[in-house]
Amino acid sequence: MLQEGYGDQLAVVTVTYSPGDSLDAFLDSLAGATTRRYTVVLADNGSTDGAPERAAAGRDGVELLRTGGNLGYGGGANRAVATLGREVGWVVVANPDLVWCPGSLDELLAAGQRTPRAGALGPLIKDVDGGVYPSARLLPSLGRGVGHAVFGAVWPGNPWTRVYRQSESSVQERDAEWLSGSCLLLRRAAFDSVAGFDTRYFMYFEDVDLGERLGKAGWRNRYVPSAEVVHTGGHATTANADVSARMLVEHHRSAYRYLADHYPGPIWAPVRWALRAGLGTRSALAVRRAGR
């Protein structure tokens, strides 16, 4: 189905930052995920391991785009999408530490074809042990966010976390308020209509924000569990303790930015102060528990 102003070609964008061997597994499995022709753009944020260079040099249809610095996830993805011609009407944005199950991308494309207002489509995401990641969720609210933040680590089954993660929702195709940015099929017309990811988010919550803005613009966030991928774990964020600590800090910083944006102006200043203090304390404790 052609989109107004766009063609029907497919491109895959992955943001790399020293991805290691996971990038080869990602690209190898991608070949079996779709029967469609596609191009791959590696939006490289400053890798030092040589993996993106090797992939681009040794594989047809794989292009290396040096972003010029560490732009974060959304910034790198935006930069790559901006290089694509208007003949590309479907764009995958995915982490390089995913393995695609056979036919999974074709399942997402089929769902996009039968759901004209689907702006973003996400698969069922499993971890290497077979557990299902809650990748189709409700938007965070102040009540759900505080409950999840306070109790999530010590009481995983608390009602705020269950509702936020949609833990009791059946595993079937359905709309969600946002989908995990670790693997998204994006209708180019929808992505461009909201100007892509908000680059104020270096990492984390850029997918929450995108899902919300797509919804407000009249697009649907569609969860398609008949498509499956496996998240093998982030090489760049687990190989280095300093990077892992930084990611914990970034997660809490992004959570504050997202929630603070929803409570602007002087009247909500006390709420923003409380959020900053609470998330700052939680961030420090998380970093300490991680061994920093």
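With the condition kept exactly as written, say whether any residue in the range 106-116 is aliphatic (A, V, I, L, M), out of contact with any Leu (no Cβ under 7 Å at 6 or more places or on another chain) and at pLDDT below 95. No, the conditions are met nowhere in the range 106-116. For the range 163-193, a residue qualifies if it is of a type in the set (Asp, Glu) and either in a strand (DSSP E or B) or at pLDDT 95 or above (or both), and the qualifying residues are GLU173, ASP175, GLU177, ASP192.
Got a sec? Which of VAL93, VAL62, VAL13, VAL99 is touching a helix residue (DSSP H, G or I) at 6+ places or on another chain (Cβ under 6 Å), farther than 24 Å from SER135 by Cα, surrounded by 18 or more Cβ atoms within 10 Å (Cβ to Cβ) and among the β-branched types (Val, Ile, Thr)?
Values: VAL93 fails: farther than 24 Å from SER135 by Cα; VAL13 fails: farther than 24 Å from SER135 by Cα; VAL99 fails: farther than 24 Å from SER135 by Cα.
Among VAL93, VAL62, VAL13, VAL99, only VAL62 is touching a helix residue (DSSP H, G or I) at 6+ places or on another chain (Cβ under 6 Å), farther than 24 Å from SER135 by Cα, surrounded by 18 or more Cβ atoms within 10 Å (Cβ to Cβ) and among the β-branched types (Val, Ile, Thr).
Tally the residues that are assigned to a helix (DSSP H, G or I), basic (Lys, Arg) and either modelled with pLDDT under 95 or closer than 21 Å to LEU10 by Cβ (or both), restricting the search to the range 48-88.
Within the range 48-88, the first condition is being assigned to a helix (DSSP H, G or I), and the residues that meet it are 51-58, 72-82.
Okay, now just the ones that are also basic (Lys, Arg), so 54, 79.
Cutting the leftovers down to either modelled with pLDDT under 95 or closer than 21 Å to LEU10 by Cβ (or both) gives us 79.
Number satisfying all stated conditions: 1.
Quickly run through the range 19-46 and pick out the residues that are assigned to a loop (DSSP other than H, G, I, E, B) and surrounded by fewer than 20 Cβ atoms within 10 Å (Cβ to Cβ).
So the first thing to find is which residues in the range 19-46 are assigned to a loop (DSSP other than H, G, I, E, B), and the list is 19-21, 31-37, 45-46.
Of everything in the range 19-46, those that are assigned to a loop (DSSP other than H, G, I, E, B) and surrounded by fewer than 20 Cβ atoms within 10 Å (Cβ to Cβ) turn out to be GLY20, ASP21, ALA31, GLY32, THR35, ARG36, ARG37, GLY46.
Of all residues in the range 209-229, those that are buried (at least 22 other Cβ atoms within 10 Å of the Cβ) and under 22 Å from THR16 (Cα atoms) total 3. Being out of contact with any Asp or Glu (no Cβ under 7 Å at 6 or more places or on another chain) and farther than 28 Å from GLU173 by Cβ narrows it down to one residue among GLY103, GLY5, GLY85, GLY112; which is it? The match here is GLY85.
Return a yes/no flag: does the range 27-45 have any residue that is of a type outside the set (A, V, I, L, M, F, W, C) and modelled with pLDDT under 95.
no
Can you tell me how many residues in the range 96-131 are touching a residue at least 12 places away in the same chain (Cβ under 8 Å) and in a loop (DSSP other than H, G, I, E, B)? First the steps, then the outcome.
Initial filter on the range 96-131 (touching a residue at least 12 places away in the same chain (Cβ under 8 Å)): 96-109, 111-113, 115-128.
Still in the running and in a loop (DSSP other than H, G, I, E, B): 96-97, 101-103, 115-117, 128.
Number satisfying all stated conditions: 9.
I'd like to know if the range 274-281 contains one or more residues that are part of a strand (DSSP E or B), closer than 25 Å to TYR133 by Cα and either modelled with pLDDT of 70 or more or of a type in the set (A, V, I, L, M) (or both). No, the conditions are met nowhere in the range 274-281.
The values are calculated or read from the model by the stated rules, or taken from the named source; none is laboratory data. Fair warning: this is a prediction, and the values are worked out from it, not measured in the lab. Using ideal geometry, Cβ is built from the backbone for each residue, glycine included, and neighbour counts are taken over all protein chains shown.
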